[in-house]
Amino acid sequence: MIDRYKHQQLRIGLVSPEQISTWADKILPNGEIVGEVKKPYTFHYKTNKPQKDGLFCERIFGPIKSRICACGNSRGIGDKKENLRFCEQCGVEFVTSWTRRHQMGYIKLARPVTHVWYLKRLPSSIANLLDKPLKELEGLVYCDFSFAKPIAKKPTFLRLRGSFEYEIQSCKESIPLFFTRFTKLKQVLYRFRDREISTGASAIHDQLADLDLRIILDSSLVEWKELEEDGPTGKKSKDRKIARRKAFLVRRMQLTKHLIQTNIEPEWMVLSLLPVLPPELRPIIQIDGGKLMSSDINELYRRVIFRNNYLTTLLTNKYTPVELIMCQEKLVQQAVDTLLDNGIRGQPIRDGHNKVYKSFSDLIQGKEGRFRETLLGKRVDYSGRSVIVVGPSLSLHQCGLPREIAIELFQAFVIRALIIQQLALSPAVAKRQIVKNKPIVWEMLQEVMQGHPVLLNRAPTLHKLGIQAFQPILVEGRAICLHPLVCKGFNADFDGDQMAVHVPLSLEAQAEARLLMFSNMNLLSPAIGDPICVPTQDMLMGLYILTSGNRRGICVNRYNPYNRKNYQNERIEDNNKYIKEKEPLFCTSYDAIGAYRQKRINLDSPLWLRWRRDQRVISSREAPLEVHYESLGTYYEIYEYYRIARNIKKETLSIYIRTTVGHLSLYREIEEAIQGFCRTCSYST
């Protein structure tokens with residue numbers, strides 16, 4: 001369907017029997033209405049043509065060959081009978097064979113059947129609306145019980161038996177056995193059966209048709225409020241029962257609201273017309289050797305038609321035993337259940353080769369179903385796929401794109417840039433330059449990628465954070481690099497997950513990607529509002545290793561002949577002697593990190609860093625471990641993790657802290673993040 005904004009969309013829901021017949025009915029010139037599939041046959045075994053009124057009938061679904069009817073007549077352009085829509089002999093419409101992909105038919109059921117999705121799927125929609133146990137409804141649907149019809153102001157057999165309300169009771173208990181023993185009284189029995197007894201899906205249809213959704217909504221809300229006001233009773237079993245009742249009322253109100261908002265009648269959950277799929281969606285294919293391969297849907301449709309036609313025959317005979325009709329109704333209900341959802345809450349039906357039939361639900365659900373594989377899983381241009389690996393040096397809004405993928409995705413943009421800058425005379429020349437991997441190509445690619453975001457998507461896309469926008473950066477290798485903080489939104493990890501990359505082409509798509517879909521703009525969960533960019537276990541372990549040092553602080557320098565392996569400031573010479581090295585002093589953190597990059601110190605090597613006095617005032621009640629005095633009155637107070645130099649007037653001359661390169665790196669990252677946040681806040685104000 002197409003909405004008012006001219007967007008194509010697909011809506012799944014219940015429809016009325018009138019709508020089903022509208023999809024299929026066609027009126028022939030002689031006034032005959034075709035659309036109902038009456039016969040369970042497919043193709044004639046001699047002529048190899050579709051059977052009339054069968055599952056592949058050309059009158060119902062359209063011609064097999066475009067504009068050629070079943071008689072072999074054709075209507076071409078310029079024909080004298082060009083205005084004739086249907087063949088006068090066979091009634092086939094002169095249209096293209098493409099019609100057989102969307103033209104539907106229907107099966108008129110002798111007795112209504114319930115839709116198995118709304119009866120057996122938990123929670124059961126029919127049971128919620130009727131407020132009755134599911135087991136009782138299933139017994140009624142499958143003719144294990146009968147329903148007593150109350151007829152106002154009229155004496156009834158069941159009323160005389162004391163049945164004044166809706167009751168589910170056995171048919172054998174309701175009807176005396178002596179009725180069936182006397183031939184003269186059979187007519188009374190059949191008249192009584194049609195008047196006062198209702199069983200099968202017809203009973204469900206009558207009850208659903210009598211419902212008033214707004215009354216159900218109001219009464220459920222009132223009952224829920226009463227249970228909420230009463231509060232807990234103190235008995236666990238009773239409280240659990242009340243909690244289950246409240247949850248049931250909430251589900252019932254939600255279902256009722258949905259039916260009211262979508263203008264769906266509850267009785268549409270019971271089918272009187274069964275839609276038949278277009279033949280091209282359930283084909284019969286001839287393979288080598290003359291053998292035919294048919295879709296399982298065709299066999300399931302044939303079962304329904306066979307049983308439905310036999311039930312129609314039984315109903316036309318007013319002397320048919322009641323038990324036989326009820327048994328056949330049950331078989332029709334089971335056949336429709338198998339067609340819609342084979343094996344739902346039971347054993348699936350199998351063919352002669354012990355293979356489970358694929359029902360309608362199997363065709364549309366799952367990874368290989370019609371929606372995910374055909375509608376949502378189409379191949380698109382300007383897209384690629386690769387394995388993701390961690391990119392710790394990337395910013396939150398950046399992703400590393402391999403050269404091989406990037407040049408393919410942005411090839412059209414690179415060719416255009418080369419021609420505009422007169423570096424190539426034609427697209428063919430530009431393509432040859434790309435194939436030869438000339439340096440100018442990579443320069444153009446860098447310029448193009450700077451102003452063009454890309455979209456990364458990880459299947460399955462379960463919420464809006466499953467697809468986000470990033471600024472691409474060229475990287476070596478063949479894997480997509482991703483910042484580890486954005487993995488939670490994608491529910492991804494680096495154990496072999498794959499992600500797809502897409503290039504937005506239009507200016508509107510690029511603007512939407514930049515303004516709404518960039519990863520640094522999606523930091524909170526859309527469902528609960530919690531931060532989505534949180535450190536994972538790998539990052540926490542990395543931070544621990546980065547900041548791990550000797551917990552003994554300066555006390556590690558104390559002599560301990562029994563634990564020399566913990567001495568981080570000692571080295572071993574060739575003669576197995578320990579030589580104590582002096583811990584280095586640095587004036588700035590840049591000097592310390594530079595020494596680490598030059599491999600003069602390790603990541604966890606202890607060092608002394610000069611601390612600015614105006615940056616932090618150290619005030620501690622901790623007593624110094626040692627105090628070193630010099631001849632000019634200067635002295636040093638040595639603590640566990642820092643030392644302070646003071647003059648004779650007790651003025652602070654310098655402060656050195658004992659730290660590691662890992663601590664310095666983490667401190668610098670936090671400081672830069674705070675400064676960047678402050679600059680952003682100042683710009684916004």
Exercise for the section: Count, please, the residues in segment 488-514 that happen to be more than 22 Å from HIS463 (Cβ to Cβ) and in contact with a Phe, Trp or Tyr (Cβ under 7 Å, 6 or more places away or on another chain). Expected result: 2
Practice task
Report, ordered by the first and then the second residue, all pairs with beta carbons closer than 8 Å, sequence separation of six or more or different chains, a first member in segment 231-250 that is of a type outside the set (Val, Ile, Thr), and a second member that is exposed (fewer than 13 other Cβ atoms within 10 Å of the Cβ).
Solution key: ASP239/PRO232; ASP239/THR233; LYS246/GLU228
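Please tell me if PHE494 is of a type in the set (Phe, Trp, Tyr) and modelled with pLDDT of 90 or more.
Judged against the criteria, PHE494 is not a match.
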Fill in the blank from the handout: Of ILE388, ILE405, the only residue that is within 19 Å of VAL486 (Cβ to Cβ) and in contact with an Asp or Glu (Cβ under 8 Å, 6 or more places away or on another chain) is ILE388
Completion exercise
Condition set crowded, with 21+ Cβ neighbours inside 10 Å and among the small types (Gly, Ala, Ser), scope segment 89-109, selection farthest from SER198 (Cα to Cα): answer is GLY91
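Conditions tested, residue by residue: (1) out of contact with any strand residue (DSSP E or B) (no Cβ under 9 Å at 6 or more places or on another chain); (2) surrounded by 16 or more Cβ atoms within 10 Å (Cβ to Cβ).
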{"site": "ALA430", "(1), (2)": "yes, yes"}
{"site": "GLU447", "(1), (2)": "yes, no"}
{"site": "ARG458", "(1), (2)": "no, yes"}
{"site": "LEU474", "(1), (2)": "no, no"}
{"site": "CYS481", "(1), (2)": "no, yes"}
{"site": "VAL486", "(1), (2)": "no, yes"}
{"site": "PRO504", "(1), (2)": "no, yes"}
{"site": "GLU508", "(1), (2)": "yes, no"}
Practice task
Within segment 310-362, work out how many residues are crowded, with 16+ Cβ neighbours inside 10 Å and among the acidic types (Asp, Glu).
Solution key: 4
Problem - Subset of segment 9-68 (residues that are assigned to a loop (DSSP other than H, G, I, E, B) and of a type in the set (S, T, N, Q)) - result: GLN9, SER16, ASN30, THR42, THR47, ASN48, GLN51, SER66
Problem - Selection within segment 391-404 - surrounded by 14 or more Cβ atoms within 10 Å (Cβ to Cβ) and out of contact with any strand residue (DSSP E or B) (no Cβ under 7 Å at 6 or more places or on another chain) - result: LEU396
Handout entry: Flag if GLN328 is farther than 30 Å from LEU482 by Cα, of a type in the set (S, T, N, Q) and in contact with a Leu (Cβ under 8 Å, 6 or more places away or on another chain)
Key = yes
Practice task
Give segment 363-388 a look and list any residue that's surrounded by fewer than 16 Cβ atoms within 10 Å (Cβ to Cβ) and part of a strand (DSSP E or B), or say none.
Solution key: ARG385, VAL387
Fill in the blank from the handout: Within segment 15-25, the residues that are within 14 Å of HIS102 (Cα to Cα) and touching a residue at least 24 places away in the same chain (Cβ under 8 Å) are ILE20, TRP23, ALA24
Handout entry: Residues (on the phi < 0 side of the Ramachandran plot and of a type in the set (S, T, N, Q)) located in segment 422-453
Key = SER426, GLN433, GLN446, GLN450
Handout entry: Restricting segment 15-32 to residues that are among the aliphatic types (A, V, I, L, M) and under 12 Å from VAL92 (Cα atoms), the residue that is nearest to the chain's Cα centre (by Cα)
Key = ILE27
Problem - Flag if ILE216 is modelled with pLDDT of 90 or more, in a helix (DSSP H, G or I) and more than 30 Å from GLY62 (Cα to Cα) - result: yes
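Only one of these is surrounded by fewer than 16 Cβ atoms within 10 Å (Cβ to Cβ), out of contact with any strand residue (DSSP E or B) (no Cβ under 6 Å at 6 or more places or on another chain), over 30 Å from GLY54 (Cβ atoms) and of a type outside the set (Lys, Arg): LEU213, LEU249, LEU208, LEU221. Name it. So that I can check it myself, show each step before the final result.
Numbers: LEU213 fails: surrounded by fewer than 16 Cβ atoms within 10 Å (Cβ to Cβ); LEU249 fails: surrounded by fewer than 16 Cβ atoms within 10 Å (Cβ to Cβ); LEU208 fails: surrounded by fewer than 16 Cβ atoms within 10 Å (Cβ to Cβ).
The unique qualifying residue is LEU221.
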Practice task
Test SER295 against the criterion of being of a type in the set (S, T, N, Q) and more than 24 Å from ALA201 (Cα to Cα), and give yes or no.
Solution key: yes
Practice task
Could you please give the count of residues in segment 413-426 that are exposed (fewer than 14 other Cβ atoms within 10 Å of the Cβ) and part of a helix (DSSP H, G or I)?
Solution key: 1
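The values are calculated or read from the model by the stated rules, or taken from the named source; none is laboratory data. Everything numeric here is computed off the predicted structure, so don't read it as measured data. Reconstructed Cβ throughout: ideal geometry from the backbone, glycine too, with neighbour counts over all protein chains shown.
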